[in-house]
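Report on the following structure.
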2 protein chains.
Amino acid sequence: MGLAFLSRTSMHATLGAGPGDRSAMDGPTRDGGGDPVGRAHADKMGDMDIDLGADVVTLTQQLVDISSVSHEEQEIADAVEAALRGLPHLVVTRRGHTIVARTELGRGERVVIAGHLDTVPLNDNLPSRLEGGVLHGLGSCDMKGGDAVMLKLAADVPEPNRDLTFVFYEAEEVDSVHNGLRKLTESDPHLLEADFAILMEPSNAAVEAGCQGTMRVDVRTTGERCHSARSWRGVNAIHLAGPVLARLNDYVAREPEIDGLIYHEGLNATGIRGGVAGNVIPDECVVEVNFRFAPDRSEADAEAFVRDFFEGYDVTVTDIAAGAMPGLDRPAAKQFLEVVGGEVAPKFGWTDVAQFTKLGIPAVNFGPGDPMFAHKQDEHVPIEHIERCERLLKDWLA
Amino acid sequence: MGLAFLSRTSMHATLGAGPGDRSAMDGPTRDGGGDPVGRAHADKMGDMDIDLGADVVTLTQQLVDISSVSHEEQEIADAVEAALRGLPHLVVTRRGHTIVARTELGRGERVVIAGHLDTVPLNDNLPSRLEGGVLHGLGSCDMKGGDAVMLKLAADVPEPNRDLTFVFYEAEEVDSVHNGLRKLTESDPHLLEADFAILMEPSNAAVEAGCQGTMRVDVRTTGERCHSARSWRGVNAIHLAGPVLARLNDYVAREPEIDGLIYHEGLNATGIRGGVAGNVIPDECVVEVNFRFAPDRSEADAEAFVRDFFEGYDVTVTDIAAGAMPGLDRPAAKQFLEVVGGEVAPKFGWTDVAQFTKLGIPAVNFGPGDPMFAHKQDEHVPIEHIERCERLLKDWLA
């Protein structure tokens with residue numbers, strides 16, 4: 001989505017946060033490549049090892065206990081790289097804190113299996129805690145359970161029936177300019193060539209197809225500043241935003257059916273700001289709105305909808321990324337579904353499956369963990385999910 | 001207002017900005033008394049002199065050209081103190097950057113004439129510029145024109161018909177805990193004893209009586225956080241604030257007549273904030289509301305009105321200060337009005353006249369400059385205003 005994103009002339013000059021991001025509110029972003037903060041953090045934590053011989057749950061726990069907040073992936077990337085370089089059947093490439101490991105077996109088909117290594121910021125939820133069949137801790141759900149499954153496949157299936165490309169990438173949870181998978185699509189697209197891709201984002205260990213698009217706009221009201229003791233001399237921009245919120249309250253979500261899956265759109269204020277000083281009638285108020293749109297809408301359609309919805313207001317698009325159609329009719333997707341089985345659900349959140357869609361590679365989300373618990377303080381993953389994903393993928397690749 | 005303010009148990013723990021303030025948005029406040037920033041600034045500017053022999057407009061210009069943003073009043077206070085100490089008929093006292101100068105002539109009546117020395121932050125509006133009978137520059141209107149008039153009275157009327165107490169004080173434009181006049185009411189109330197007080201805040205060189213009260217509240221809505229891709233699983237607190245803004249839009253201001261003056265209340269959002277991240281449904285939104293209330297309401301009445309207005313919402317009082325009744329029926333006020341003449345208007349903004357009201361001293365606002373231009377980038381004062389105030393006060397005191 002990076003290229004399309006950057007080429008848009010309607011885009012705001014300072015690019016907003018990317019679709020998988022924690023938003024521009026997180027403050028200035030830093031490049032993850034060897035940044036000093038990451039190193040300092042790694043030094044403080046001490047070197048952590050991961051053991052590919054351990055079972056997949058233990059391995060998940062090891063990964064969770066290596067703190068890897070976005071831009072601080074140095075340590076976990078080092079550990080993953082070291083582990084993969086110990087496997088002679090894999091060709092390993094590193095770009096920043098993104099690691100690619102490929103089999104070169106000359107199979108007739110190649111599959112990419114991808115997962116990000118970073119997490120959202122710490123929220124007093126490390127180290128991990130295994131309790132009653134559930135692993136708790138930052139990143140357990142989003143998405144170190146999936147990363148652990150990938151590492152186990154890499155270690156335990158040296159001769160898969162399809163060639164495999166594992167991608168462990170950095171900076172998915174922040175501004176999309178830092179996204180390791182997006183960077184790879186630009187710097188080394190040949191490393192990603194494949195017939196099918198599986199993104200191990202949390203999806204309850206079931207297949208979630210396609211993904212919805214996401215768009216951010218600023219809806220701005222403009223008033224006239226004056227002293228609040230003589231407020232009738234000015235025009236209050238925050239008061240002018242009242243009808244903007246009223247429209248949002250009246251919004252009814254569209255729920256289209258696509259390839260038999262029911263998507264569910266959403267239009268929400270995710271931020272609001274206004275105010276000059278406690279004694280000044282404010283002349284500007286900005287409502288930050290996030291539109292999540294079904295994959296049957298193009299970016300242009302989505303933008304037209306939002307502009308129409310807020311007709312009469314100043315609307316600035318700050319970020320937009322189209323979704324991905326389910327693509328379940330593609331042969332590679334069909335074969336995967338036959339082996340993995342279960343109900344296929346629509347993916348509501350934007351995920352990096354859209355990166356693959358842009359490369360023409362059908363892709364699905366399939367990973368352990370309930371996405372409802374992603375980014376929550378009590379993030380967790382049922383160990384049964386991790387084990388099921390490992391078992392199903394091993395069955396498919398054996 | 002400081003004592004009443006601090007004694008309120010309903011008050012938020014971290015006290016909000018005071019009524020004359022530029023609000024809590026200005027960031028941490030520092031104590032003005034000999035703070036290192038003030039000194040560094042003074043050193044950088046070099047020592048500036050003021051010349052009490054100059055005409056009142058030139059003197060205003062000299063004062064404007066001594067930058068004196070709140071907490072950086074060292075230099076201007078030094079200059080004012082030095083000038084006053086050169087006048088043998090005055091007894092000068094200094095507290096921090098607040099200067100008190102008193103005649104001790106044993107007259108039957110004593111009048112306080114007060115003005116603050118600080119300004120709001122620089123806004124590319126210094127040095128001053130005299131053009132077409134108007135003096136432009138930061139502080140020209142609020143309120144160095146008034147300060148210059150006070151200095152001219154001090155220098156040119158060594159034997160006034162009433163004893164005079166001049167108060168040049170620090171830190172009026174910031175959090176009220178720093179306000180030099182308020183501090184003086186606590187540390188040295190005997191220095192303020194008087195029969196009448198004139199506050200030389202800008203009032204178009206006419207008398208503005210009393211002042212309205214001011215109150216700040218946070219109106220808070222609470223929702224439930226969730227990922228914005230599945231917004232129907234949460235409750236959007238910003239959307240919940242829509243009806244709060246709708247109520248503000250429906251507000252009709254009360255305009256009571258008090259002592260023949262028409263006051264004009266106002267209820268306004270001066271700030272709004274909400275949002276966790278660009279992909280999160282926010283669980284909190286806070287509308288910062290400023291209520292300006294006529295002086296016939298007590299603090300308790302004002303609070304009851306606001307709580308009733310926002311019934312059903314979480315309302316936290318962050319700051320409150322009662323206004324001041326016009327008090328035009330007091331003998332000292334009547335005599336002043338007879339000499340000065342002109343139309344008496346109500347004061348809409350909260351000013352330090354309320355400090356005098358608390359001491360039982362009738363007080364009016366009377367100073368050069370249109371308060372509409374206070375705190376504006378193009379702050380300015382008609383020189384005719386300055387000259388008129390000087391002339392009328394000299395007539396009254398001669």
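For the pair A:Tyr251/A:Ala345, report the inter-label distance in nm, with labels modelled 7 Å from Cα in the Cβ direction.
Label-label distance for A:Tyr251 and A:Ala345, simple model: 2.2 nm.
Convert each backbone phi in the stretch A:140-156 into a coupling constant with the Karplus relation 6.51 cos²θ - 1.76 cosθ + 1.60 (shift: θ = phi - 60°), then list the ³J(HN,Hα) values in order as whole Hz, x for Gly and Pro.
For the stretch A:140-156, the Karplus-derived couplings read 4, 8, 10, 8, 7, x, x, 4, 5, 4, 4, 5, 5, 4, 4, 7, 9 Hz, x marking Gly and Pro.
Using the Kirkwood formula over every pair of different C-alpha atoms, what hydrodynamic radius in Å results for chain B?
22.1 Å
Spelling out what I want: for every residue of the stretch A:262-268, take phi, set θ = phi - 60°, compute 6.51 cos²θ - 1.76 cosθ + 1.60 (Karplus), and round to whole Hz; glycine and proline get x.
Using θ = phi - 60°, the values come out as 9, 8, 8, 7, x, 10, 9 Hz.
Rounded to the nearest 20 debye, what is the charge dipole size of the stretch A:213-321 about its Cα centre when +1 sits on each Lys and Arg Cβ and -1 on each Asp and Glu Cβ?
Computed charge dipole of the stretch A:213-321: roughly 740 debye.
Compute the distance in nm between two label points, each set 7 Å from the Cα along the Cα-to-Cβ direction, one at B:Thr93 and one at B:Asp259.
Computed distance between label sites B:Thr93 and B:Asp259 equals 2.7 nm.
Take the Cβ-Cβ distance between A:Leu359 and A:Arg233 as r, set R0 to 60 Å, and report the resulting FRET efficiency rounded to the nearest 0.05.
It comes to 0.55.
Under a 5 Å amide H to amide H cut-off, with H placed in plane at 1.01 Å, what residues pair with A:Gly369 once short-range neighbours are removed?
A:Ser203, A:Asn204, A:Ala205
Placing +1 on the Cβ of each Lys and Arg and -1 on the Cβ of each Asp and Glu in the stretch B:213-321, which of B:Val306, B:Ala277, B:Thr214 has its Cα farthest towards the positive end of the resulting dipole?
So the residue furthest toward the plus end is B:Ala277.
Using the Karplus curve 6.51 cos²θ - 1.76 cosθ + 1.60 with θ = phi - 60°, what ³J(HN,Hα) values do you get for each residue of the stretch B:207-214, in whole Hz, with x for Gly and Pro?
Going residue by residue, I get 8, 10, 9, x, 6, 7, x, 9 Hz, with x marking Gly and Pro.
Add -39500 (n - 2.57) for each DSSP H run of 4 or more in chain B, then divide by its residues: what number comes out at 222 nm, to the nearest 500 deg cm²/dmol?
That comes out to -8000 deg cm²/dmol.
Taking 8 Å as the Cα distance limit and 6 or more residues as the minimum spacing, I'd like the relative contact order of chain B as a percentage.
Relative contact order, chain B: 23 percent.
If you line up the long axis of helix B:383-397 against the longest principal axis of chain B, both from Cα atoms, how many degrees apart are they, to the nearest 10?
Tilt of helix B:383-397: around 60 degrees.
Cα centroid distance between the stretch B:233-294 and the stretch B:180-206, in Å?
Centre-to-centre (Cα) distance: 33 Å.
Could you pull out every residue, at least 5 positions away or on a different chain, whose amide H is within less than 5 Å of the one on A:His116? Hs are placed 1.01 Å off N in the peptide plane, and Pro or chain starts have none.
Close amide H contacts, sequence-distant or interchain: A:Tyr169.
So how much slack lies between A:Ser298 and A:Arg330, counting 0.36 nm per residue of separation and subtracting their Cα-Cα distance, in nm?
Value of the extension gain: 9.5 nm.
Calculate how steeply helix B:331-340 sits against the longest principal axis of the alpha-carbon atoms of chain B, using the helix alpha-carbon long axis, and give the answer as 0 to 90 degrees to the nearest 10.
Taking Cα atoms only, the helix is inclined about 70 degrees.
Round to the nearest 0.05 the FRET efficiency obtained for A:Thr58 and A:Glu159 when R0 = 25 Å and r is the Cβ-Cβ distance.
The value I calculate is 0.55.
Quick one: P(r) of the protein assembly as shown from all Cα-Cα pairs, 10 Å bins, percents rounded to integers, in order of increasing distance.
3, 13, 19, 17, 13, 12, 10, 8, 4, 1, 0
What's the center-to-center distance, using Cα atoms, between the stretch A:85-141 and the stretch B:326-367 in Å?
Using only Cα atoms to place each centre, the spacing works out to 74 Å.
Check which residues have an amide H placed less than 5 Å from A:Asp314's amide H, if you skip close sequence neighbours.
Answer set, sorted by chain and number: A:Arg220.
We did not get these values from a lab; they are worked out from the coordinates using the rules stated. Predicted model, so just to flag it, every value in this text is computed and none were measured. Note that we place each Cβ from the backbone using ideal geometry, even for glycine, and neighbour counts take in every protein chain shown.
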